[in-house]
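Below is one structure, written out as C-alpha cells; the observations come after it.
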Amino acid sequence: MFIAHLPAGYLLAKTIRLRTPGRKAVMTAALLGAIAPDLDLFYFYTLDGRQHHHHSYWTHYPSVWFALMLLAWGASRIKPWSTGGTWLLIFSMSGFLHLLLDFIVGDIPLLAPWSMRFHALATVQAQYPPWWLNFLLHWSFFLELLIIAVSVCIMVSGRRKTESPSGNPFSTGIHDE
C-alpha cells in the first residue's frame, strides 16, 4: 500500500467508537499507528543508503506489533480506566493493520525475527519503466482507492451531522417535523 494507510487508520478509529474521554487522542493514536511502521523510511533513505528493503526492519515485523498489542491489552486490563493503555492498544492495532495492508502486495517477513522470508498475497509484475507505475496499474491500487473513498464519505457525513443544527444531515435549518 502507498496512500491508504492513514485512511485505514481513520476507519479503524471510527469503527472502534470508544466511549472514552479524549476521542481526539484516540483518533491521533490510530493515525500515528497507521504510519508508524513506515517511519523506518527515514533510516532507509538516510543512514542505510537503501541497502535493505525497508520491510526488513523491525518496524515491519508482525511479531513486534502483536507483542505491543498484547502488552497494551494487558495494561488496559490491569488498570481499566487508564486511557494510556487504550491509546497504546489502538496505536498498535493500527500499526498491525498497516502490516496487513502491506501484506497484500508488499512482501512482509511474517515470521520475523525467526525467519526473514518475505510473503505477500499477490505479486506486482514489473512491466512499466517507473517502478511505481506498476503499482498504480495493479488491481490492489483499486483497493487503496476504495479505502480512501470510504474514509472520505464517513468524514464528510460526520461533518454534515455536526454542521446542521438538528444533527440531521438533510436538515434545512427550518423546523423539520
What's the number of the condition LEU97 fails, among (1) within 17 Å of VAL26 (Cα to Cα); (2) surrounded by fewer than 12 Cβ atoms within 10 Å (Cβ to Cβ)?
(2)
Name the pairs: first residue in the stretch 73-96 and among the basic types (Lys, Arg), second residue in a helix (DSSP H, G or I) and at pLDDT below 90, Cβ to Cβ under 7 Å, at least 6 apart or on different chains?
LYS79/GLY85
Could we say that ASP102 is open to solvent by less than 50 Å² (accessible area, probe 1.4 Å) and over 24 Å from PHE142 (Cβ atoms) here?
no
Which residue, of ALA72, ALA67, is farther than 24 Å from ALA4 by Cβ and not in a loop (DSSP other than H, G, I, E, B)?
ALA67
Considering the stretch 21-60 alone, what residues qualify as being assigned to a loop (DSSP other than H, G, I, E, B), modelled with pLDDT under 90 and in contact with a Phe, Trp or Tyr (Cβ under 9 Å, 6 or more places away or on another chain)?
GLY22, ASP48, ARG50, GLN51, HIS52, HIS53
Scan of the stretch 117-144 for residues that are in contact (Cβ under 8 Å) with a residue 24 or more places away in the chain and open to solvent by 80 Å² or more (accessible area, probe 1.4 Å), ordered by number:
TRP132
Quickly run through the stretch 103-117 and pick out the residues that are more than 20 Å from the chain's Cα centre (by Cα) and not aliphatic (A, V, I, L, M).
PRO113, TRP114, SER115, ARG117
Within the stretch 138-152, does at least one residue satisfy the condition of being at pLDDT below 90, over 16 Å from GLY9 (Cα atoms) and not aliphatic (A, V, I, L, M)?
no
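The values are calculated or read from the model by the stated rules, or taken from the named source; none is laboratory data. This one's a predicted model, so the numbers in the text were calculated from it and none came from an experiment. Methodologically, a virtual Cβ is constructed for each residue, glycine included, from the backbone with ideal geometry; neighbour enumeration extends over all protein chains shown. Heads up: the accessible areas ignore ligands, DNA and RNA and are worked out on the full protein's heavy atoms, side chains in. Shrake-Rupley method; radii C 1.70, N 1.55, O 1.52, S 1.80 Å.
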